Amino acid sequence: MTAEWCEVDRCPAHICGGPHREVRTTLGKEILKFGQAPRGEPVTGPVVQPDLTAKDALESLANCIAASPDDWGADRAMSWVYGIVLGWDCEEDHEHREGCGDAMAALAARWRWDEVDVARLRALRKAVREAVS
């Protein structure tokens, strides 16, 4: 028997409860609300892995972080991970206004990231953004 795979973050449907359909948008990012579908039946046969790529892994990680209720700016390491995967700068294609994209400056001050740290974080975010596009 082959397992059904969740269409959103490509995990076995029996682990996460199946396809996630409820999506809400916050600040232009899709935030997935996990566990909305009824729990699937346990898989009794071998699980066949779909062909997954680094892009799939990064998208799954981004979905998990975006849907997390955690305050990703409350901890230095979590802030760094969020900055790489989702980014603290405004990445919307619009005319920036006051307050737009101030999160990076605020977190750099809080965690004492210098210009080199911020440049590295932005470069890592750019690499992830290019990998998933």
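Here are some notes:
- Radius 10 Å from Cβ of Met104, net charge of other residues (Lys, Arg +1; Asp, Glu -1): 0
- Near Leu121: Cβ cut-off under 14 Å, other residues only, Lys/Arg at +1 and Asp/Glu at -1. The net charge is +3.
- Multiplying the residue separation of Glu98 and Asp114 by 0.36 nm and removing their Cα-Cα distance gives an extension gain of 3.5 nm.
- 3J(HN,Hα) along segment 79-90, derived from phi through the Karplus expression 6.51 cos²θ - 1.76 cosθ + 1.60 where θ = phi - 60°, amounts to 4, 5, 4, 4, x, 6, 7, 10, x, 9, 7, 6 Hz, with x in place of Gly and Pro.
Just so you know, all these numbers are worked out from the coordinates, no wet-lab data involved. Bear in mind the structure is a predicted one, so any value in this text is a computation, not a measurement. Because the Cβ atoms are built from the backbone with ideal geometry, glycine has one as well, and the counts that use them run over all protein chains shown.
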